Amino acid sequence: MEAKRIQGSHYARSLIEASLDPLFTINPDGKITDINNASISITEVTRENLIGTNFFDYFTEPDKAREIYKQVFAEGFVADFPLTIRDGKLTDVLFNGSVYKDEHGKVIGVVVVARDITDHKRIETELMKAKEHAERATKIAEVAKIKAEKATHIAERATQIAENAVISKQQFLSNMSHEIRTPMNSIIGFTKVMLKTPLTAKQKEYLTAIKMSGEVLTVLVNDILDLAKVDAGKMIFEQKPFKMDASISAMIHLFEPKIQEKNLQLIKNYDPDIPKVLVGDPVRLHQILINLVSNAVKFTNQGKITVGVRLLNSHEDKVFLEFTVIDTGIGIAEDKIEFIFQNFQQATSNTSRLYGGTGLGLAIAKQLAEQQGGTISVKSKIDKGTTFSVVLPFKKTRGNVESVTESKEPDIKLKGLTVLVVEDIALNQLLMKTLLDDFGFECELAGNGKIAIEKLKSKPFDIVLMDLQMPEMNGFDASRYIRENIDSQIPIIALTADVTTADLKKCKAVGMNDYISKPIDENLLYSKIIDLLKKPGLINDDDLPVVSAKCTDLTYLINRTKSNPQLMMDMIALYLEQTLPLIGSMKQSLRDKDWDSLYAAVHKIIPSFHIMGIHKDYEDIAKKVQEYASKKQHPDELQQWVLQLENVCSRACKELEEAYNLIKKQTDGRKENITFSC
Ligand code: ADP
């Protein structure tokens, strides 16, 4: 029994000692009756000194400890009550107590387990701190984000302001240039017209001076506008095939009078390895080279100017050409050379006084070269001369030389073309009329888009020259109406006082075919008209149908009917009755790619060409369409051919309707047989 008791007490002891948490037994008076080793190490008081002492004295808040102790007696237990043991280092514990009783059920004391929660607390504190840090960091991040957002907003606003400033600047320059160029257009144009009239030598001299000053002013306005455009990245570079050699020769040709006047020599060195036709922007190339050559001429008083073009390197689809302009002129000082490509920079302060100019030419040339993927550079020695070098890429093309069109002098074959000029400013109207009269074209004027549409509906024209800004209906709306509502493909050339990218895109979007900027260059206008009228059939000069004021000729009909007016009227009525639906059917079947009905429609139209005296070329075009339709082939040109047939048949219908009415009027009036002449 005793052994059992001892064994039991050993067991209880080992259980007590197994606990890493301090364990106390306390009697009802609050005196410590037993402890484990963990209690000794936490309190750092020996067993002997602990036993019998007041349990509550080991806590930082003894009263609170006593309260809890009482609670244990009252309730039988207490769980996880936080207290702090007052030892060397103040240990946080969770107080867990429960009463223990003797064999009669009488409470004889309390067992207390005080769980050391120092680590727990530390981790909790660290977590709290970490949380605080995190919260603070989040706050800082939020503030930083707000600041960044503000900065972005400010940057965006600044960019917006800068962009608006550029747009306003461009808009201002564009408006100004428009305002200046419109009257300049008239001044130069009418001076040119007057120069063609009989004049005294003095008058001629004065008018030439006016013309020259006007041209200088126009160049300056154009330069400023160009600069604004290249600055804003809005310069348009065309990609069209042209003959490089001829283009350079034409450019050099411009300087011959000046070269002779200054008794200089002008030499052209052209590399024969350069492909004949290249694709690029010949106008911008001229702009660069004209600037360099005119500077060379301007700054050279004796010696020679050499314009060289050489093939720098050739790739599969493009070539790089080097253009050099070498002069034996005054040269540029070494310390000035880096500035001459900047806006409004001249090498010396008296350059403008001695030689004229504004210092814009090279800045534009540099931008033009660089925006096409090229470079421009200069070498110079005072009193020895200057060499400018421009390297530019050009695309290769398989197109042959013959397909490249060039501007020509007015061609007798095209006399009688009918041109509808849509322009609201009376002076410009008159100017266009004089120009077109000179070409031998017939010109009709419309003051706005609305009038133009009415005119187009009432009679046929070959081409429309359309101003953009007009009252009532502007050029864009009118062109859109012509394409969409009248369903006409008549060529339209926009007349623009200022060419902005946006305007050009708009011109294209509404279906205009080309544009020409004012002041109108007569040769350019002429070649653009010819180009457009040639394009539809993709036929070369010799194939170009002779366009007369009328496309029909009633000789055959008169002979055939022996001048019988009734018979003539019947035949014309028959033609009108069948042709209009046939035109519709031709267009529809092309749209539907219904080759059989295209064939049938064209087949029915063909005989009428001969009867109504429509030029043989159109019969040939119709036969080509018929041939391809029968083979169910549709080459690229098919659409253009059908368009040509549509145009000529529509014109023929209008003309024949007029003829019909005339015959009817005359027969009604005289009620007798009349002899008709064509
Ligand atoms: P501009 O000729 O209208 O003054 P440019 O931009 O074309 O303006 O030229 C800027 C300046 O560079 C000229 O004013 C001149 O001082 C110098 N310069 C240009 N080309 C030559 C040249 N071939 N010889 C000597 N100086 C030149």
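The values are calculated or read from the model by the stated rules, or taken from the named source; none is laboratory data. Note that the coordinates shown come from a computational prediction; the quantities given were computed from them, not determined experimentally. With ideal geometry, Cβ positions are generated from the backbone for all residues, glycine too; neighbour counts draw on all protein chains shown.
Looking at GLU135, GLU103, can you tell me which residue is exposed (fewer than 10 other Cβ atoms within 10 Å of the Cβ) and more than 30 Å from ASP226 (Cβ to Cβ)? Lay out the reasoning, then the answer.
Values: GLU135 fails: exposed (fewer than 10 other Cβ atoms within 10 Å of the Cβ).
Exactly one residue qualifies, and that residue is GLU103.
Taking segment 369-381, which residues are at pLDDT 90 or above and either more than 9 Å from the ligand (Cβ to nearest atom) or within 25 Å of ASN222 (Cβ to Cβ) (or both)? Give the steps one after another, and end with the answer.
Residues of segment 369-381 that are at pLDDT 90 or above, as a first pass: 369-370, 372-381.
Selection gives ALA369, GLU370, GLN372, GLY373, GLY374, THR375, ILE376, SER377, VAL378, LYS379, LYS381.
Quick check on my filter: what residues within segment 620-670 are β-branched (Val, Ile, Thr) and crowded, with 21+ Cβ neighbours inside 10 Å? So that I can check it myself, show each step before the final result.
In the first step, residues of segment 620-670 are kept if they are β-branched (Val, Ile, Thr); the result is 621, 625, 642, 648, 663, 667.
If the condition is that a residue be β-branched (Val, Ile, Thr) and crowded, with 21+ Cβ neighbours inside 10 Å, then ILE621, VAL625, VAL642, VAL648 are the ones that fit.
Applying the selection to segment 30-44, what residues are part of a loop (DSSP other than H, G, I, E, B) and either of a type in the set (Gly, Ala, Ser) or touching a strand residue (DSSP E or B) at 6+ places or on another chain (Cβ under 9 Å) (or both)? If you could, list the steps in order and put the result at the bottom.
Of the residues in segment 30-44, the ones part of a loop (DSSP other than H, G, I, E, B) are 30, 36, 44.
Result: GLY30, ASN36.
Counting only residues that are among the acidic types (Asp, Glu) and not in a strand (DSSP E or B), which one in segment 297-332 is nearest to the ligand (Cβ to nearest atom)?
ASP317
When you look at ARG181, is it basic (Lys, Arg) and in contact with a strand residue (DSSP E or B) (Cβ under 9 Å, 6 or more places away or on another chain), yes or no?
On the way: basic (Lys, Arg): yes; in contact with a strand residue (DSSP E or B) (Cβ under 9 Å, 6 or more places away or on another chain): yes.
Spelling it out, ARG181 is indeed basic (Lys, Arg) and in contact with a strand residue (DSSP E or B) (Cβ under 9 Å, 6 or more places away or on another chain).
Across segment 382-394, what is the total count of residues that are over 18 Å from ILE337 (Cα atoms) and either within 16 Å of the ligand (Cβ to nearest atom) or of a type in the set (A, V, I, L, M) (or both)? Give the steps one after another, and end with the answer.
Applying the first criterion (over 18 Å from ILE337 (Cα atoms)) to segment 382-394 yields 391-394.
Among the residues that remain, those that are also either within 16 Å of the ligand (Cβ to nearest atom) or of a type in the set (A, V, I, L, M) (or both) are: 391-392.
Summing the residues that are over 18 Å from ILE337 (Cα atoms) and either within 16 Å of the ligand (Cβ to nearest atom) or of a type in the set (A, V, I, L, M) (or both) in segment 382-394 gives 2.
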- [ ] Could you run through segment 592-619 and say how many residues are farther than 25 Å from ARG483 by Cβ, within 43 Å of the chain's Cα centre (by Cα) and surrounded by fewer than 17 Cβ atoms within 10 Å (Cβ to Cβ)?
- [x] 1
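Name the single residue, out of those in segment 295-313 being at negative phi and touching a residue at least 60 places away in the same chain (Cβ under 8 Å), that is surrounded by the fewest Cβ atoms within 10 Å (Cβ to Cβ). It would help to see each step written out before you state the result.
Within segment 295-313, the first condition is being at negative phi, and the residues that meet it are 295-302, 304-313.
With the extra rule that they be touching a residue at least 60 places away in the same chain (Cβ under 8 Å), the set shrinks to 295-296, 299-300, 309, 312.
On the way: ASN295: 22, ALA296: 26, PHE299: 21, THR300: 21, VAL309: 20, LEU312: 15.
So, considering only residues that are at negative phi and touching a residue at least 60 places away in the same chain (Cβ under 8 Å), the one surrounded by the fewest Cβ atoms within 10 Å (Cβ to Cβ) is LEU312.
Only one of ILE248, ILE267, ILE274 is in a strand (DSSP E or B) and either among the basic types (Lys, Arg) or modelled with pLDDT of 85 or more (or both). Can you tell me which?
Working: ILE248 fails: in a strand (DSSP E or B); ILE274 fails: in a strand (DSSP E or B).
Answer to the selection: ILE267.
Please list, ordered by residue number, the strands (runs of 3 or more DSSP E) wholly in segment 446-525 having 1 or more residues that are among the β-branched types (Val, Ile, Thr), surrounded by 21 or more Cβ atoms within 10 Å (Cβ to Cβ) and in contact with an Asp or Glu (Cβ under 7 Å, 6 or more places away or on another chain).
Passing ranges, in order: 492-496.
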Open item on the list: Return the residues of segment 557-581 that are surrounded by fewer than 19 Cβ atoms within 10 Å (Cβ to Cβ) and under 55 Å from the mean Cα position of the chain (by Cα); say none if nothing qualifies.
Closed with: ALA573, LEU574, LEU576, GLU577, GLN578, LEU580, PRO581
Task: Which numbered condition ASN96 misses (of (1) assigned to a helix (DSSP H, G or I); (2) surrounded by 12 or more Cβ atoms within 10 Å (Cβ to Cβ)) - done: (1)
